[in-house]
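Participant: Quick one: structure below, then a few questions.
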Amino acid sequence: MARTRKVTVSTDAHGHTAGWAATELEEALAVPPDLGAAAFFDVDNTMMQGASIYWFARGLAARKYFTTGDLARFAWQQMRFRLLATEHAGDMSQAKEAALAFVEGWRVDDVERLSEEIFDELMAPRIWSGTRALAQLHLDAGQRVWLVSAAPVEIGRVIAQRLGLTGAIGTVAEVADGAYTGRLVGELMHGPAKADAITQLADVEGLELSRCTAYSDSSNDIPMLSAVGHAVAVNPDSALRREARERGWGVRDFRTGRKAARIAVPSTAAAGLVVGAVTAGLALRRRRRLVR
């Protein structure tokens with residue numbers, strides 16, 4: 001029998017409600033116990049307000065890993081990457097070259113440490129509480145829950161660990177002698193690559209995708225949403241909202257009016273600028289103060 005779960009609305013230690021929608025949560029779909037099923041959650045604007053790589057960059061900027069001069073000089077590189085990474089547009093080989101250039105020469109353990117620190121400082125207060133509650137419903141039903149993100153897999157793993165989820169699928173950077181080479185292993189975890197990744201994971205884990213659920217905010221993730229039996233649009237963009245309406249997919253929106261617009265739009269625009277500075281500025285090893 002399906003179980004229901006009463007969700008109590010409250011603010012966190014920082015006083016954030018992070019998009020709580022009391023009526024939606026209390027009427028959330030009951031998730032039946034099914035050990036052969038799993039849930040897959042996109043991260044940016046689905047599990048978290050804004051882009052995880054943006055908040056990571058903000059944390060690096062606060063630690064003086066790059067300057068405002070780097071920001072002005074190199075922002076165009078990340079903006080070009082964002083354009084090329086739009087599904088079916090541009091030369092993805094160029095996007096691959098730019099995607100993880102900023103970590104070239106960095107030690108893996110340093111990136112993991114910084115990811116943990118920055119999650120606690122900047123990302124944790126921006127987790128959508130409504131989406132986190134949906135993930136918990138799957139966990140309570142004995143299902144596994146994975147994050148699926150274009151961000152570096154190390155960031156995804158930290159978020160998953162902090163939230164008590166099963167694990168994370170993300171863009172993988174090549175490592176040699178404990179340091180990043182600046183090149184990718186495989187493809188960017190974006191668009192159709194997400195669908196391929198969860199299909200491969202289902203084969204390994206013995207899951208039936210027809211019994212699985214996927215959550216995303218973006219029309220870029222329609223391939224992943226289409227690969228499972230149950231698709232849910234969370235805080236959807238206009239294209240995904242239309243697609244969900246046409247296909248009869250569930251829709252959950254934890255944003256609230258103008259407040260959501262103020263949060264989402266600047267974050268998306270700023271991500272291209274700030275991460276652009278990281279991509280090139282750190283590739284040139286300017287103002288690096290890593291612990292060696």
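Every read-out reported here was derived from the displayed coordinates using simple, explicitly stated rules and does not represent laboratory data. What you see is a predicted model; the values in this text were computed from it and never measured. Note that we place each Cβ from the backbone using ideal geometry, even for glycine, and neighbour counts take in every protein chain shown.
Participant: Being under 18 Å from Ala124 (Cβ atoms), in a strand (DSSP E or B), more than 9 Å from the chain's Cα centre (by Cα) and small (Gly, Ala, Ser) is the filter here; which residues of region 137-175 pass it?
Facilitator: Once the filter is applied, which keeps residues that are under 18 Å from Ala124 (Cβ atoms), in a strand (DSSP E or B), more than 9 Å from the chain's Cα centre (by Cα) and small (Gly, Ala, Ser), region 137-175 yields only Ala168.
Participant: Those residues that are under 10 Å from Met47 (Cβ atoms) and either out of contact with any strand residue (DSSP E or B) (no Cβ under 7 Å at 6 or more places or on another chain) or buried (at least 20 other Cβ atoms within 10 Å of the Cβ) (or both), I need them from region 115-129; list them, please. First the steps, then the outcome.
Facilitator: Within region 115-129, the subset under 10 Å from Met47 (Cβ atoms) is 123, 126-128.
Scanning region 115-129 gives Met123, Ile127, Trp128.
Participant: Moving to a separate point now. Restricting to region 193-218, what's the tally of residues that are part of a helix (DSSP H, G or I), in contact with a helix residue (DSSP H, G or I) (Cβ under 7 Å, 6 or more places away or on another chain) and in contact (Cβ under 8 Å) with a residue 40 or more places away in the chain?
Facilitator: As a first pass, look at region 193-218 and keep what is part of a helix (DSSP H, G or I): 193-205, 209-211.
From the residues that got through so far, the ones that are in contact with a helix residue (DSSP H, G or I) (Cβ under 7 Å, 6 or more places away or on another chain) too are 194-195, 198-199, 202, 209.
Filter again for in contact (Cβ under 8 Å) with a residue 40 or more places away in the chain, leaving 194, 198, 202.
Matching residues across region 193-218 total 3.
Participant: Output the residue which, of all residues in region 35-46 that are crowded, with 21+ Cβ neighbours inside 10 Å and touching a Lys or Arg at 6+ places or on another chain (Cβ under 7 Å), is nearest to Arg255 (Cα to Cα). Lay out the reasoning, then the answer.
Facilitator: Within region 35-46, the first condition is being crowded, with 21+ Cβ neighbours inside 10 Å, and the residues that meet it are 37-46.
Among the residues that remain, those that are also touching a Lys or Arg at 6+ places or on another chain (Cβ under 7 Å) are: 37-38.
Values: Ala37: 28, Ala38: 25 Å.
The residue in question is Ala38.
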